[in-house]
Each structure stands twice: as C-alpha cells, then as structure tokens.
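K.L.:
Handing you this structure, nothing more for now.
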Amino acid sequence: MSRMRVVVLIIYLAVCAAFVGIMESGAADVFLEATRPDFEKIPIGVLGFQGKTAVAGSAEQVATVLKADLRRSQIFSLMDLPKLGIKVNDVDDPEKALFKQATENGISVLVWGKLGVKEADVVLDGYVYDGGNDEVVAGKRYAGPSSVLRLMVHRLADELVFRYTGEPGIARTKIAFVSEQTGSRELYVMDYDGYAPRQVTADGFLNLMPHWSPDRRFLVFTAYRSRTTQDIDMIELATGKRWTLASLGGLNITPAFSPDGNDLVFATSHDGDSELYKLDMRTKVLQRLTSNSASDLSPSWSPNGREIAFTSDRGGGPQIYLMSADGSNVRRLTYEGDYNAAPAWSPRGTWIAHVCRTPTKEYKLCVVSPDGQQRRQITAGPGVDDSPSWSPDGRHLVFSSTAEGKSHIYMINSDGTELERLTSGGTHHSSPSWSPL
C-alpha cells in the first residue's frame, strides 16, 4: 500500500469518516472485556419524586433521568423497587417500614424528592438516605427555569457520585461532534447523554476534528472556512469568538491541547509529509516534534503531560507510537495487528484506546496499556468504529460507528458493555470529543 493511501486511511479512521469509503464487514466473534472496576457497585433505589399536577409529568421525567445517570455512573447498582415490592412514586414522605423493607432487600441507598414551582422557577428537592436509616443524610435544593430541569437532575446525580466516591460525576459533561444536520459539516455540542444538541459553527462547508480545551471554554478544530486552506481554529463556546491558531501550507489536522492548556500539538503537511508540531499558546512559538519520511498524526497527551501518543506509518503500516512531550524518546507501542490508529489516552493514564483492525479486517476499538503488555478489544459487530474519546472519569468511551448504516455517536463502558447510541436522525454524526469536567 502506498504511503499516501495509508495517510488517507489513517485520517479517515481517526477523524473524518467522510473522504474515503471503507466497506463494512460482518460481525466479529471476538469480544474481550476490559478491566472492571475493583469495587462492588452500591445498591441504590429511587423512590420517585412528588410533584403537584402542574409538574407531575416533569416529576416522572426527573426520576427517569436520574436513574439513567446513576446507571451510567457505574458506581451504583440500580434496584428495581416495584419488583421487590417496595412502593414508589406515590410516596408522600418515606416511612420507617419502607427503609426496613429496603434494608432487607440489600439496598444501601434510597433517593426521594419533590418537584414544585416557585414563581417562574421549578424547584427540585432531593433527599438521600443510607444504611436503612430513615434520617436524611444529604439534602439538596435546586431552582431554575424549566429549561434547565435536566441539568438540575444531572447535578443531583453528580452529587451522589461525589458523596459515595469522593470523585466528581460526569452527568454534566458535554460531547462535541461533527454533524451534517444542515448539509455541511459543522461542529455541535450536546449533553453527555445525547440531549440538547446545539450548533457551534455555521460556515456552510467543513469543520472537523473538534477537541476541548482543559477548562471547557474552547474547542479547537480543523476549519475550511476559506475553502482553499485547512486551518487550525479555536472557538469560544460562550461567545462564539473565533481565532485561527495555525494556517500552514498543506494539511493542518488533529489538534490536541496539553493537560495544562499551555501547548497545542497538531499534524501538518506543510513540509511534505505529515509531521507533528507543538504550538506554545502563550508565546505562539512553534516547535517541530517529529522529523522523518513517514506520516505522523493524531496526537494524544498523557494525563501528566509528559508524553504524547500518536499514529505513524514509519514501520510500514499505521501503528501507535509514544514520545516525550519534547519529541524525544520515540518508541513503538502496538505490534499486534497490521493497523492501529487514532490513539486516545485515558484520564487515569492506564489505557490508550485506538482503532484496531481485526484479523477479519474489521475496524473496531481496542485498548492497550502504555507499556504495551496488555491489549483488549472493546467493540464488536458490524460497521466501522472510530474516533474514540474517553469520559473524564475513564469509565466510558464515546466513538462514532457505521454499525446502523450512517455514522452515529455511541457510548460504551470501558469494559465493552452497555452500548448506547446517543445521536439520532438520518444524517451523519462523527468525530466525538468528550469534555473535561
């Protein structure tokens, strides 16, 4: 295979899923689970939320959203209370007998709440009970317009995760992605569960490969706003203000911020082959990190900012390599399989997710440990899976897949379970990027 074709293929799988057609293949038989959390999930029950007639429907929605958040957290084991004979929804005020019944059924935590209206605002009260105790161990009140009701519920879910783990939850995070909703390829941002997508760019052409800044204020991406050049642009989400960070000749693609936000690494072909460069965001000084006759692209920083994973075909075919943040100490990471590309380093630093080609020539997601000693396949089934991006807690991956025909965004647990489609409609959605906390 020629080097140019390899470059195009890498770009396809890593970022665009648009310019080259890879034929879909049959379902893979291989399914290997990634390492599961080393703790037992906490049994939790949601008693429901009381609401007067004006908000009764919303009260039911609150319970549904909260249950979904708790399930996705992988911290809690959501118990089916009605199946256990425990009364829900019509609970005006939990009684002692109910807590005793929950304890006898092995339920450690119960959540109950109220939903009301105060002037123009919706008021959500959440109460937490644990250990079979009928005393409230945590109570939260949230108020705001009805348009932010889901956000209130997400916040309650995150508070529960923090209370029982000491770590922040992910229910209020966002996912940036590319969509053809308007006919052109534009950037969008949606809630982590696929709700409330909103358009970020409106150039009427191509905006690709979004990546978040560490403070969640900005997205960097490849833009074709001039129709003749590929630039690395940055947009401020709150204001829509936009800057061009790099406009070198040739391709300028796959930008990635360092964990501290001080540096931006991207690939450019202005010297001929695709090479990695680092832009100091403070001084605007540009430093070349790779220099060879191969193509290097798709950088991903380690959580501590000391190393960068990237894709290179310097060994003949696309594989994952590692290097120090200054471009030194380059070494090959992946050896299993003839195609490994689009690395994404996990927030805890224990895994690097990437696109792998299986022995049956299917493009799926795999994870490899940074020392190369462990490797597992995460996804299986029909279609092309690409553009992996980690949740900030490291428990999930979001990616795009053509499993159902058109490309859509999916979420999956890092052990390969609980596949969930996030986007809908008859258009293409691709290149997801999960926001930091």
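K.L.:
Restricting attention to region 326-365, which residues are open to solvent by less than 10 Å² (accessible area, probe 1.4 Å), part of a loop (DSSP other than H, G, I, E, B) and within 27 Å of Arg288 (Cβ to Cβ)?
P.N.:
Thr334, Tyr339
K.L.:
Among the residues of region 411-435, write down those that are crowded, with 17+ Cβ neighbours inside 10 Å and over 9 Å from the mean Cα position of the chain (by Cα).
P.N.:
Of everything in region 411-435, those that are crowded, with 17+ Cβ neighbours inside 10 Å and over 9 Å from the mean Cα position of the chain (by Cα) turn out to be Ile412, Asn413, Ser414, Asp415, Gly416, Leu422, Thr423, His428, His429, Ser430, Ser431.
K.L.:
Here is a follow-up. Consider Met323 against the criteria (1) open to solvent by 30 Å² or more (accessible area, probe 1.4 Å); (2) assigned to a strand (DSSP E or B): it satisfies all of them except one. Which criterion is unmet?
P.N.:
If we test Met323 against (1) open to solvent by 30 Å² or more (accessible area, probe 1.4 Å); (2) assigned to a strand (DSSP E or B), just (1) comes out false.
K.L.:
Has region 88-106 got any residue that is within 29 Å of Tyr195 (Cα to Cα), in a helix (DSSP H, G or I) and touching a strand residue (DSSP E or B) at 6+ places or on another chain (Cβ under 8 Å)?
P.N.:
No, that holds for no residue.
To keep it simple, each residue is scored yes or no on (1) more than 20 Å from the chain's Cα centre (by Cα); (2) at pLDDT below 95.
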| residue | (1), (2) |
| --- | --- |
| Asn207 | no, no |
| His211 | no, no |
| Arg217 | no, no |
| Gly240 | yes, no |
| Leu245 | yes, no |
| Gly249 | yes, yes |
| Thr254 | no, no |
| Thr268 | yes, no |
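K.L.:
Does Met234 satisfy being under 13 Å from Pro255 (Cα atoms), more than 19 Å from the chain's Cα centre (by Cα) and either in a strand (DSSP E or B) or among the hydrophobic types (A, V, I, L, M, F, W, C) (or both)?
P.N.:
yes
K.L.:
What do you reckon, is Thr290 open to solvent by less than 10 Å² (accessible area, probe 1.4 Å), part of a loop (DSSP other than H, G, I, E, B), modelled with pLDDT of 95 or more and more than 20 Å from Pro388 (Cβ to Cβ)?
P.N.:
Yes: the conditions hold for Thr290.
K.L.:
So, one more: Only residues that are touching a helix residue (DSSP H, G or I) at 6+ places or on another chain (Cβ under 8 Å) and either at pLDDT below 95 or open to solvent by 20 Å² or more (accessible area, probe 1.4 Å) (or both): list them for region 294-315, please.
P.N.:
Ala294
Conditions (1) out of contact with any Cys (no Cβ under 6 Å at 6 or more places or on another chain); (2) over 20 Å from Leu187 (Cβ atoms); (3) assigned to a loop (DSSP other than H, G, I, E, B), marked per residue:
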{"position": "Thr254", "(1), (2), (3)": "yes, no, no"}
{"position": "Leu264", "(1), (2), (3)": "yes, no, no"}
{"position": "Asp271", "(1), (2), (3)": "yes, yes, yes"}
{"position": "Lys278", "(1), (2), (3)": "yes, yes, no"}
{"position": "Ser298", "(1), (2), (3)": "yes, no, no"}
{"position": "Gly305", "(1), (2), (3)": "yes, yes, yes"}
{"position": "Gly315", "(1), (2), (3)": "yes, yes, yes"}
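K.L.:
Also: If you go through region 379-393, how many residues are under 16 Å from Cys366 (Cβ atoms) and surrounded by fewer than 21 Cβ atoms within 10 Å (Cβ to Cβ)?
P.N.:
Total satisfying the criteria: 2.
K.L.:
Are there any pairs with C-beta distances below 9 angstrom linking a residue in region 371-389 that is in contact (Cβ under 8 Å) with a residue 24 or more places away in the chain and assigned to a strand (DSSP E or B) to a residue that is open to solvent by 10 Å² or more (accessible area, probe 1.4 Å) and among the charged types (D, E, K, R), with the two at least 6 apart or on different chains, and if so which?
P.N.:
Here the result reads Arg375/Glu336; Arg376/Glu33, each pair linking region 371-389 to a residue that is open to solvent by 10 Å² or more (accessible area, probe 1.4 Å) and among the charged types (D, E, K, R).
K.L.:
Please identify the pairs in which a residue from region 310-331 that is within 18 Å of Pro255 (Cβ to Cβ) has its Cβ atom under 6 Å from the Cβ atom of a residue that is at pLDDT below 95 and surrounded by fewer than 21 Cβ atoms within 10 Å (Cβ to Cβ), counting only partners at least 6 apart or on another chain.
P.N.:
The qualifying pairs are Ser312/Ala294.
For every residue, the table says whether it meets (1) basic (Lys, Arg); (2) at pLDDT below 80; (3) under 30 Å from Glu180 (Cα atoms); (4) under 33 Å from the mean Cα position of the chain (by Cα).
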{"position": "Arg3", "(1), (2), (3), (4)": "yes, yes, yes, yes"}
{"position": "Val8", "(1), (2), (3), (4)": "no, yes, yes, yes"}
{"position": "Gly45", "(1), (2), (3), (4)": "no, no, no, yes"}
{"position": "Thr53", "(1), (2), (3), (4)": "no, yes, no, no"}
{"position": "Val62", "(1), (2), (3), (4)": "no, no, no, yes"}
{"position": "Leu81", "(1), (2), (3), (4)": "no, no, no, yes"}
{"position": "Val91", "(1), (2), (3), (4)": "no, yes, no, no"}
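K.L.:
Testing Tyr142 on (1) within 30 Å of Ser407 (Cα to Cα); (2) surrounded by 17 or more Cβ atoms within 10 Å (Cβ to Cβ), one condition comes back false. Which one is that?
P.N.:
Every listed condition holds for Tyr142 apart from (1).
K.L.:
Which count do you get for residues in region 192-230 that are part of a strand (DSSP E or B) and open to solvent by less than 20 Å² (accessible area, probe 1.4 Å)?
P.N.:
Going through region 192-230 one residue at a time, the tally reaches 10.
K.L.:
Can you say whether Leu297 is among the aliphatic types (A, V, I, L, M) and within 22 Å of Trp351 (Cβ to Cβ), as far as the supplied structure shows?
P.N.:
Yes, satisfied.
The values are calculated or read from the model by the stated rules, or taken from the named source; none is laboratory data. Just so it is clear, the model here is predicted, and its values are computed rather than measured. Using ideal geometry, Cβ is built from the backbone for each residue, glycine included, and neighbour counts are taken over all protein chains shown. Note: areas computed on protein heavy atoms with side chains; ligands, DNA, RNA excluded. Shrake-Rupley method; radii C 1.70, N 1.55, O 1.52, S 1.80 Å.
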